[in-house]
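Notes for the one structure printed next.
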Amino acid sequence: MAEPTTTTGTATDAAPAATAGKPHPLAPAAGIANWVDQRLGAAKLGKSFVRKIFPDHWSFLLGEIALYSFIILLLTGVFLTLWFKPTMGEVIYDGSYQFYRGLHMSEAYASTLDISFDIRGGLLMRQMHHWAAMLFIGAMTAHMLRIFFTGAFRKPREVNWLIGLALLMLGIVEGFAGYSLPDDLLSGTGLRIADGLMRSVPIVGTWVEVLIFGGEYPGDIIITRFYMAHILLVPGIILGLIAAHLALVVYHKHTQFPGPGRTERNVVGYPVFPVYAAKAGGFFFIVFGVTALMGAFLQINPLWTYGPYNPAEVTAGSQPDWYMGFAEGALRIMPGWETHFAGWGFLPPATWSWNVLIPGVGGLGILFVVLGVYPFVEQWVTGDKRDHNVLQYPWQAPNRTAFGVAGMTAYGILWMAGGNDILAIMFNLSLNFLTELFRVLIFVGPVVAFIVTKRICLGIQRRNVERVLHGSESGLMERSPSGEYHEAHVPISEDEAYLLTGSDEEHPVAATNGDARELKGKKGVVSKRRALVSRWYYADNVPKPTAEEIEEAHHHGDHGDHDDHGVEGGDHNELESSDRH
């Protein structure tokens, strides 16, 4: 295994000298490369890229899984487009699935059945496509959580955070569009919910429905429109955003976790070529292989069990794909609030369905708006406008971590609420009881999660200070000349000491002194309200030990003073007596 290097490293690969009289085996390739370089200048562009350093950490693979899943989606999607017929025109099914022979259904559903039963390898490709979609959104979600909890969104990466958020939103839209294409009973139920969300928007909702569905739901063109968006529009935008995302990663340098020799100005890791390229290529085939195995052995979306879509029917126990579960849960636990307006003048009577608008449109909007503005809010609170290439561990930012865990808790509660009917059946509970329970938990759960998470982070901070000052427990009891017993501590390693003390001490912003009316609107002025929020943000953080405190702690035991580590509650005479024996 090659040793890690840094961006400032001077290592070069020495090419072996060609044997005199014999042409180098790579000479033909060199000729082609020279031809390309003379016309495109590829050598100048490629030289800096292949020596680009990428750090090595397992969590950085989450983004790669998302990228490779998207490539698998493109490959399997091309195969499916050869056979899928995106039209809602009615046909009589005459394929291999005996239960539906002679049944009227849309051509989209019939062609999906053909892909599943009559096209060689079609079911495998369809299931790989669906599993890759699950993996794509799941990996993006985990990747963004890693970025959030380590503070990788801080300056100068705010724009890349927004690009990642846009990718996540488009991934969900793309997944929902693909999920709706087969026109089976389950996907039609999902489309009905989407139609309800559109119509819940006051005043313009009905017009939006007519615009998208080409008339009243379900219409006869929505599958064709979703198909064009699914295979052209949304993937094209995603490809462009991925390119911009990777370009910014290269431009900004990759972030890295703290450690010895790692600073804000360098990156410690492996060059793209040959080490990282080989590892990335191998990892792609691992992701592809796992997806193929899942497609082969794990059944997903068996749409032949649902039947063709009929607007008058709905399946019992219908569940959307996992990434839409939280929206489903929000709709299920929302009280049935509606406001009815009588017609007045030229205005017709109307009903505003708050029970759909607030959890559906409002919930999704609030989620992505909060995620989008968070980097800027945190920067405003902390006043930290420095560039950050070294990441933070979650315990180093207790409030940020607590906010993240609180959000995950709310997401998990809504996710469970989206399956309240399944939970009621499995655990023999009342559906109404579960609905009321989730209505309470959605408010209480995040608060409890915030408090508990913050206390855990602060506890880790205090433990780390103790380890730096007094070392780690050895498990050995020692007796001092005065007869007291204590547990011997051993110094922690220099690497761990650097890890625990290497970050900068952060302080809240102070309010600007002066008359509030005179300072209002001036650049750089810190209001009392902002200073108050900033003090709260940092209030409970445990300060790092100073160099003097560390030096004093290291000499603490030189004079036999072990008061801090005596045996609490022990019987001194009993211990002394046992020692004589």
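The values are calculated or read from the model by the stated rules, or taken from the named source; none is laboratory data. The structure displayed is predicted, hence computed values, not measured ones. All Cβ positions, even for glycine, are placed from backbone atoms using ideal geometry, and neighbour counts span all protein chains on display. Calculation scope for accessible area: heavy atoms of the full protein, side chains included, ligands and nucleic acids excluded. Shrake-Rupley method; radii C 1.70, N 1.55, O 1.52, S 1.80 Å.
Rg and Dmax, both from the Cα atoms of region 58-313 and both in Å, are 21.3, 72.
Counting only protein heavy atoms and a probe of 1.4 Å, the accessible surface of the chain is 65% carbon and sulfur.
Summing Cβ point charges (Lys, Arg +1; Asp, Glu -1) relative to the Cα centre of the chain gives a dipole of roughly 2540 debye. Across region 383-499, Cα pairs under 8 Å and at least six residues apart give a relative contact order of 25 percent. Pairs of Cα atoms nearer than 8 Å and 6+ residues apart set the relative contact order; for the chain it is 15 percent.
Per residue, the chain exposes an accessible area of 57 Å² to a 1.4 Å probe, with every protein chain left in place. Ligands, DNA and RNA excluded, the heavy atoms of R535 present near 120 Å² of accessible surface to a 1.4 Å solvent probe. When W380, W207 are compared by accessible surface with a 1.4 Å probe, the order from highest to lowest is W207, W380.
What helices in the chain pass both tests, a Cα length along the helix axis of 24 Å or more and a mean Kyte hydropathy of -1.0 or higher, using whole DSSP H runs? The answer, listed by residue number, is 61-81, 122-150, 158-180, 234-252, 277-297, 363-382, 398-417, 431-470. In terms of accessible area, using a 1.4 Å probe and ignoring ligands and nucleic acids, R332, R146, R455 rank largest first as R455, R332, R146.
Consider the candidate values (1) -0.33, -0.58, -1.12; (2) -0.36, -0.64, -1.18; (3) -0.47, -0.79, -1.22; state which one is log10 I(q)/I(0) by the Debye sum over Cα atoms at q = 0.06, 0.08, 0.11 Å⁻¹ computed from the structure displayed. Evaluating log10 I(q)/I(0) by the Debye sum over Cα atoms at q = 0.06, 0.08, 0.11 Å⁻¹ on these atoms matches (3). Taking every DSSP helix (H) stretch of at least 4 residues in the chain, weighting each as -39,500 (n - 2.57) and dividing the sum by the residue count yields a mean residue ellipticity at 222 nm of -17500 deg cm²/dmol. Taking other residues whose beta carbon is less than 12 angstrom from the beta carbon of E313, and scoring Lys, Arg as +1 and Asp, Glu as -1, yields 0. With a cut-off of 15 Å between beta carbons, the residues surrounding I242 carry a summed charge of -2, where Lys and Arg count +1 and Asp and Glu -1.
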